[in-house]
1. Arrange LEU127, LEU19, LEU60 by Cβ neighbour counts within 10 Å, fewest through most, would you?
2. Using Stokes-Einstein with the Kirkwood hydrodynamic radius over Cα pairs, what translational diffusion coefficient do you get for the chain at 10 °C and a viscosity of 1.306 mPa s, in µm²/s rounded to a whole number?
3. Over the Cα atoms of region 12-63, compute the convex hull volume and normalise it per residue, giving Å³.
4. Filter LYS34/LYS72; LYS136/LYS192; LYS72/LYS136 down to the pairs with a C-alpha to C-alpha distance above 26 Å, please.
5. With each pseudo-label sitting 7 Å past Cα toward Cβ, what's the ALA187-GLU157 distance in nm, one decimal?
6. Let me make sure I get this right: for region 45-117, a, b and c are the square roots of the gyration tensor eigenvalues over alpha carbons, sorted descending. Under 1.5 in a/c it's rounded, otherwise prolate if a/b > b/c, else oblate. Which is it?
7. Choose one of PRO111, PRO185, VAL5: the residue whose Cα lies farthest towards the positive end of the charge dipole of the chain (beta-carbon charges +1 Lys, Arg; -1 Asp, Glu; about the Cα centre).
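Each reported figure results from applying straightforward, stated rules to the coordinates on display, with no laboratory input. Just so you know, these numbers come straight off a predicted model, no measurement behind them. With ideal geometry, Cβ positions are generated from the backbone for all residues, glycine too; neighbour counts draw on all protein chains shown.
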Amino acid sequence: MAVRVHLNFAMSLDGCIGLPGPRPLQLSGPEDLKRVHELRASCDAILVGVGTVLADDPKLTVKTELIGRRAKNPLRVVLDASLRTPAGSKVLSPDAPTVVFTGRKGGALPPAEIVRVAADEHGFLDLNAVIAGLDKRRVGALLVEGGATTIASFLRERLVDELTVFVAPMLVGLPGAPRAFTGEPIALDGLKLGEPRRVGTGVLLRWTRP
Ligand SMILES: NC(=O)c1ccc[n+]([C@@H]2O[C@H](COP(=O)([O-])OP(=O)(O)OC[C@H]3O[C@@H](n4cnc5c(N)ncnc54)[C@H](OP(=O)(O)O)[C@@H]3O)[C@@H](O)[C@H]2O)c1
């Protein structure tokens, strides 16, 4: 079985995906939130980096009230090389199972399953090993939600099969706000642009790997 990776995030018109520091920023309006929760419901696993856990404390579950039906919560996945996820994080709630990928030997974050994978010289986890670990856990469809560092890693390593970006009618402008992409420029070779779609007051852009 191969893991299909869908990267989805929301950004402001000036390319920011959050605010400086551990402060959440709501970029999606009600229509986009509904779309995101439908997307979550259609996936086997949702992945974020530990930076998002620390900044937003997301529960990473499907809000049934937003999609109007009951749905199974996907597996929750955190990239956390040094096990910085706080013990009381919502991502560890009993609503769904959680797997925390780490580079560290030992350590526990009950009730999450801890899986050790190799890390590179910068301490970043080997994403191919993460994907192989998810494949082993029968994940066919993986939704990557961010944050900034995680988005850049998945794009740089060309692991994205589908990319959706909600562009919100908002300008952030603050120095230090996390941007959708930082680092050496890369071209999204091999991804084909679909029709842009109006979602609420914003625009949804979509690229897929043919
Ligand atoms: N607008 C949106 O759609 C959206 C969605 C999600 C988050 N956000 C925003 O994004 C911001 C957080 O972004 P962030 O860059 O600080 O955090 P992040 O991408 O959530 O997490 C990054 C951390 O994950 C760990 N990691 C381990 N292996 C990695 C790998 N191969 N690639 C990337 N990361 C790896 C690293 O920490 P260790 O070295 O400690 O493991 C790294 O610092 C917040 O402001 C949040 O609100 C926005």
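1. LEU19, LEU127, LEU60
2. D = 91 µm²/s.
3. Dividing the Cα hull volume of region 12-63 by its residue count gives 93 Å³.
4. Distance filter (> 26 Å) returns LYS136/LYS192.
5. My value for the distance between the label points is 2.4 nm.
6. Taking the square roots of the gyration eigenvalues as a ≥ b ≥ c, region 45-117 is prolate.
7. Final value for the positive-end residue is PRO111.
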